[in-house]
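Here's the structure, in structure tokens; my notes come after.
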Amino acid sequence: MHTMLNSNTFHGQTALVTGGSSGIGLSIALGLAEMGANVAILGRNQERLDSAVDQLTALGHTVRGYSVDVRDNVEIQSTIEKIGQDLGQINLLVNNAAGNFRVDPLELSPNGWRSVVEIVLTGTWNVTQAVARVAIETGGPLSVVNIGTTAAATGSASTVHSASAKSGVITMTKSLAAAWAHHGIRLNIVSPGLTKDTGGVDALYGSPDELAGHLKAIPMGRLAEKQEIANACAYLLSDYAAYVTGTNLIIDGGRQLGTH
């Protein structure tokens, strides 16, 4: 794994990555651990959590996995407290936990809508508020990256619930960046396009023909690598981005430009 920042960039800091046991979240957690952070990951699947913790621990840093549902505000608050005791106060937060599935909007059930919006939007809010409250009380530094999606800007016919929730995450991030800048808290967004070897791409764009159609619409002609998303998160979390807040960094190979 090649990171653009040095191995001491996050030395002595504690990072929390939600949805950190697989896909983009795990790549982000691995990158932060490689750059010296103690890392906590949240997930719902204990088996995947254990496997991710093993991978992270192999890098020689202090790592903990916590099985928790980000929709449960009370559970989140007690987990944030526990992470503080186990690893130290959280200085770096990446909200990556998400839920998504393809569905015709007319077929989307109230439960399907509610479940995705609560994981993506309410979950991000629950974790961010709990972590920021501690940082503001102690005066400790905090940098937050929330994972968005390019679909939040364009809309998405088959994932209206997820695109709507992620759009809310983007607006929430900008609102909190304005609200908390005077506390020294920075919040930014990374919005990936289609990313290789992730549950999202596998589940949403399973057929080769459909994927080929999407690739034609990307000027760079390929999908993003998970590591490229992780690198962008590391930059925004680091002091290299000390004057950057409320920004949405789009990583889509130029897709939003069109192919002209």
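The values are calculated or read from the model by the stated rules, or taken from the named source; none is laboratory data. Worth saying up front: this structure is predicted, and the values here are computed from it rather than measured. Ideal geometry is used to build each Cβ from the backbone, glycine not excepted, and the neighbour counts take in all protein chains shown.
Restricting attention to the stretch 1-20, and to residues there that are among the hydroxyl-bearing types (Ser, Thr, Tyr) and modelled with pLDDT under 95, which single residue is surrounded by the fewest Cβ atoms within 10 Å (Cβ to Cβ)?
Of the residues in the stretch 1-20, the ones among the hydroxyl-bearing types (Ser, Thr, Tyr) are 3, 7, 9, 14, 18.
Still in the running and modelled with pLDDT under 95: 3, 7, 9.
Numbers: THR3: 17, SER7: 10, THR9: 21.
Filtering first and then ranking leaves SER7.
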Seminar exercise, completed: Those residues of the stretch 51-88 that are under 18 Å from GLN13 (Cβ atoms) and in a loop (DSSP other than H, G, I, E, B) come to a total of 5
Exercise. Quick check: is even one residue across the stretch 109-128 more than 15 Å from ILE147 (Cα to Cα), part of a helix (DSSP H, G or I) and either at pLDDT below 95 or aromatic (Phe, Trp, Tyr) (or both)?
Worked result: yes
Seminar exercise, completed: Being in contact (Cβ under 8 Å) with a residue 12 or more places away in the chain, within 16 Å of ILE147 (Cβ to Cβ) and in a strand (DSSP E or B) narrows LEU93, LEU26 down to just LEU93
For this session: Specify which of the listed residues (VAL70, VAL53) is β-branched (Val, Ile, Thr) and more than 14 Å from THR128 (Cα to Cα).
Result: VAL53
Exercise. Can you find even one residue in the stretch 34-47 that is surrounded by 20 or more Cβ atoms within 10 Å (Cβ to Cβ), touching a residue at least 12 places away in the same chain (Cβ under 8 Å) and of a type in the set (D, E, K, R)?
Worked result: yes
Seminar exercise, completed: By residue number, the members of the stretch 124-157 that are under 16 Å from ARG102 (Cβ atoms), over 19 Å from the mean Cα position of the chain (by Cα) and crowded, with 17+ Cβ neighbours inside 10 Å are SER156
For this session: Kindly indicate the residue of the stretch 216-260 that is touching a Pro at 6+ places or on another chain (Cβ under 9 Å) and among the hydrophobic types (A, V, I, L, M, F, W, C) and also farthest from HIS11 (Cα to Cα) among those meeting that condition.
Result: LEU257
Seminar exercise, completed: Conditions (1) buried (at least 20 other Cβ atoms within 10 Å of the Cβ); (2) in contact with a Phe, Trp or Tyr (Cβ under 9 Å, 6 or more places away or on another chain) -> GLY112 fails only (1)
For this session: Report the residue count in the stretch 38-50 for those that are out of contact with any helix residue (DSSP H, G or I) (no Cβ under 9 Å at 6 or more places or on another chain) and outside any helix (DSSP H, G or I).
Result: 2
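Is it the case that some residue within the stretch 8-20 is closer than 26 Å to GLY140 by Cβ, free of Cβ contacts under 8 Å to residues at least 24 places away in the same chain and not in a helix (DSSP H, G or I)?
no
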